[in-house]
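The values are calculated or read from the model by the stated rules, or taken from the named source; none is laboratory data. Everything quoted here is computed from the prediction, not taken from an experiment. Reconstructed Cβ throughout: ideal geometry from the backbone, glycine too, with neighbour counts over all protein chains shown. For the accessible areas, the whole protein counts, side chains as well, though only heavy atoms, and no ligand, DNA or RNA atoms are used. Shrake-Rupley method; radii C 1.70, N 1.55, O 1.52, S 1.80 Å.
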Amino acid sequence: MNFQAPEGTHDITPEQVVLWNRLEKAAREMFGRFGYEEVRTPIFEYTALFHKSSGETTDIVEKEMFTFGDPEDKKGTYSLRPELTPGTIRALIEGQLFAKKNFWKVWYLGPAFRKERPQKGRYRQFTQIGVEAMGSSDPLVDAETMVLFAEILKAVGVTAWELRINSIGCKECRPTYREALKAYIQPLLGTLDENCQRRFERNVFRILDCKVDAEKLKDAPKAMDHLCPQCKAHMAVVEKALQSCGVPYRVDPRIVRGLDYYTRTVYEFSSSALGSQNALAGGGRYDTLVGSMGGPDVGSVGFAAGVERILLAMGGEAPPPAPDFYAVAAGDVARDEVFKTVMALRRAGLSGDMDFEGRSVKAQMRSANKAAARYALFIGPEEALKGAVKVKDMKDGAEQTVSLDEAVQKLQGGKTS
Ligand code: AMP
């Protein structure tokens, strides 16, 4: 019987992990450069956390969570996290980190789970990488998160991306916009799909997110036309900062984001290199969320990006890094002698391998070539006796028999990185 991975999950094979590591390394470096610290939280939380934060009426919470545990339990059921923002905020509040400083810039990377219909770029287990900057209402922080993600994309060579931004206002100006939107949609309601009809009372803004009836809604009132002076000023600073950093963007009134907690700035990065699931990252400001979860009343902004989608945009696979050496057991040398030499080289900081399948010298040389090793090392009975190795430079074919110490020096000198 052959086992299969559960629907909507995928494996990261050694061929794919090279790109993954490249992305993770570039992101870590960029987060450090921008002053963000790493946090790690559990992959499941009490279900109530997501109801409170992500929002009861969102698709994610309504239909897409993997929930388990005993509903009779006093503390309720658990859910695998569909996103990482709620757990991150909970961790900072629970750990009383705001007592230490008011402004936290954190980042995370880890699996998220949504019971969605799987397709290319849309999985039931996927990986999110993201940031949360909590404790400031400064619009420059909104811009900083966007510049940061653009820099990560640049660092990994993804160029075909687009940034669309919008402002959905605050608790002062949102109600007026809500009414204007409802008045516009009311007469169309009977013609909209079932999902949108449900959203009308519960969360009318989400109707703008509708993929089915987009055409019917193209003239809907825009949040940007209903902003209060403070929200307008906020948006102006965000736009100016993006312009001054040379980050291209487009204002798009249809960006509303799928989660309930956003205020003011919302944004989405997408890529034309992907198919229908083309969103690379989504983010925005959430000025009331931390306070509503029992934390201080502070303004915050963040984004979450899909690692698998960025990898798709990076394209294909990459060869693993070439090792410094491949040790060939020549003649009828005792293999533990080769093993000893390989270990000494590895302890000296060199990377490389040897044959563990008892193959011929020719076959071992094929492995050295296939791995693109910088040097092939031959260890025969004679070399083993003298503690020496025959070093073959795989670039020019030159061979030299040297002591182990000399070999270490030579190989270290030949390192490319
Ligand atoms: P969201 O908060 O839903 O906008 O998610 C943020 C990012 O996570 C998206 O822009 C995608 O790149 C990624 N993402 C969301 N859902 C999935 C999924 N089911 N499979 C793969 N990536 C996803």
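Taking the Cα centre of the chain as origin, sum charge times position over the Cβ atoms of Lys and Arg (+1) and Asp and Glu (-1), and report the length of that vector in debye to the nearest 20. Mind showing how you got there, number by number?
Details: 57 positive and 56 negative charges, 100 e Å.
Using Cβ point charges on Lys, Arg, Asp and Glu, the chain gives about 480 debye.
What nm value, rounded to one decimal, do you get for the distance between D213 and N2 when each label is placed 7 Å out toward the C-beta?
Distance between the two pseudo-spin positions: 4.5 nm.
Note down the accessible area of E151, probe 1.4 Å, to the nearest 10 Å².
The accessible area of E151 comes to roughly 60 Å².
Given q = 0.15 Å⁻¹, what are the Debye log10 I(q)/I(0) values for the stretch 278-417, with equal point scatterers placed on the Cα positions and solvent ignored?
-0.73
Quick one: grab the alpha carbon gyration tensor of the stretch 139-182, order the square roots of its eigenvalues as a ≥ b ≥ c, and give me rounded if a/c is under 1.5, else prolate or oblate depending on whether a/b is larger than b/c.
On the way: a/c = 6.95, a/b = 2.47, b/c = 2.82.
Judged from the Cα gyration tensor, the stretch 139-182 comes out oblate (a/c at least 1.5, b/c at or above a/b).
Report for the stretch 268-417 the percent antiparallel among DSSP-assigned beta bridges with both residues inside it, nearest 5.
On the way: 17 of 25 bridges.
Within the stretch 268-417, antiparallel bridges account for around 70 percent of the total.
Just reorder E215, E72 by solvent-accessible area, largest first, 1.4 Å probe, all chains present.
Final ranking, largest accessible area leading: E72, E215.
Could you tell me the relative contact order of the stretch 86-179? Use alpha-carbon pairs under 8 Å, at least six residues apart, and round to a whole percent.
Details: 59 pairs, mean separation 18.5, N = 94.
Relative contact order of the stretch 86-179: 20 percent.
How much accessible area does M314 have with a 1.4 Å probe, in Å² rounded to the nearest 10?
Solvent-accessible area, nearest 10 Å²: 40 Å².
Mind checking the alpha-carbon convex hull of the stretch 91-223 and giving the volume per residue in Å³?
Details: hull volume 24.9 nm³, N = 133.
Once divided by residue count, the hull of the stretch 91-223 is 187 Å³.
Apply the Kirkwood formula to the chain: the hydrodynamic radius equals the inverse of the mean of 1/r over all pairs of different alpha-carbon atoms; give it in Å with one decimal. Don't jump to the answer; show the numbers that get you there.
On the way: mean 1/r = 0.0403 Å⁻¹.
It works out to 24.8 Å.
If you build a Gaussian network model of the chain, linking Cα atoms that sit under 10 Å apart, which residue out of A327, A318, A180 swings the most?
Highest fluctuation among the options: A327.
Just subtract the alpha-carbon distance of E56 and V251 from 0.36 nm times their residue separation and send over the number in nm, one decimal.
Full extension of this stretch gives 67.4 nm more.
Please sort 198-210, 243-255 by packing, taking for each peptide the average over its residues of neighbouring beta carbons within 10 angstrom, highest first. Present the calculation step by step, with values, prior to reporting the outcome.
Numbers: 198-210: 18.1, 243-255: 14.0.
The peptides rank, most packed first, as 198-210, 243-255.
When only the heavy atoms of the protein chains count and the probe is 1.4 Å, how do M354, M224 rank by accessible area, highest first? Present the calculation step by step, with values, prior to reporting the outcome.
On the way: M354 15, M224 45 Å².
I get M224, M354, largest accessible area first.
Measuring from label point to label point, each 7 Å out along Cα→Cβ, what is the H10 to R40 span in nm?
2.4 nm
Give me the extension gain from D225 to R359: residue separation times 0.36 nm, minus the current Cα-Cα distance, reported in nm with one decimal. Spell out each step's value before the answer.
Numbers: separation 134, 0.36 × 134 = 48.24 nm, distance 7.36 nm.
Answer, rounded to one decimal: 40.9 nm.
For the chain, what is the relative contact order in percent, using Cα pairs closer than 8 Å and at least 6 residues apart in sequence?
Once normalised by length, the contact order is 16 percent.
How do D59, D355, D396 rank by accessible surface area computed with a 1.4 Å probe, from largest to smallest?
So the residues, ranked largest to smallest area, are D396, D59, D355.
Say we join alpha carbon atoms closer than 10 Å with springs in a Gaussian network model of the chain; which of M134, M394, M65 then has the biggest fluctuation?
Looking only at M134, M394, M65, the biggest GNM fluctuation is shown by M394.
Could you list which residues have their amide H under 5 Å from that of T401, counting only those 5 or more apart in sequence or on another chain, with H placed in the peptide plane?
When sequence neighbours closer than 5 places are left aside, the close amide H contacts are V391.
For labels at D393 and K101 in the simple 7 Å Cα→Cβ model, what's the distance in nm?
5.0 nm
Could you please state how large a percent of the accessible area of the chain is carbon and sulfur, counting protein chains only and using a 1.4 Å probe? Can you show the working numbers first?
Working: 10690 of 20810 Å².
Percent of accessible area from carbon and sulfur atoms in the chain: 51.
Kindly identify the stretch 89-166 as rounded, prolate or oblate by the Cα gyration tensor criterion: order the square roots of the eigenvalues as a ≥ b ≥ c, call it rounded if a/c is under 1.5, otherwise compare a/b with b/c, prolate if a/b is larger, else oblate.
On the way: a/c = 2.40, a/b = 1.30, b/c = 1.85.
Because a/c hits 1.5 or more and a/b fails to exceed b/c, the stretch 89-166 counts as oblate.
With +1 on each Lys and Arg Cβ and -1 on each Asp and Glu Cβ, and nothing else charged, work out how big the dipole of the stretch 334-380 is about its Cα centre, in Debye to the nearest 20. Can you show the working numbers first?
Details: 9 positive and 5 negative charges, 32 e Å.
Computed charge dipole of the stretch 334-380: roughly 160 debye.
May I ask you to give the solvent-accessible area per residue for the chain, in square angstrom, as obtained with a 1.4 angstrom probe? Can you show the working numbers first?
Details: 20810 Å² over 417 residues.
For the chain, the solvent-accessible area averages 50 Å² per residue.
For the chain, set up a Gaussian network in which alpha carbons nearer than 10 Å are linked by springs, and say which option among S53, S136, S292 fluctuates the most.
S292
Note down the accessible area of Y46, probe 1.4 Å, to the nearest 10 Å².
90 Å²
Number of Lys-Lys pairs in the stretch 121-260 under 20 Å by Cα, sequence gap 8 or more or different chains?
Final tally of qualifying lysine pairs is 10.
Tell me, what is the FRET efficiency for K74 and S292 to the nearest 0.05, using R0 = 30 angstrom and their Cβ-Cβ distance as r?
Details: r = 23 Å, r/R0 = 0.75.
Step by step, r from the Cβ atoms, then E = 0.85.
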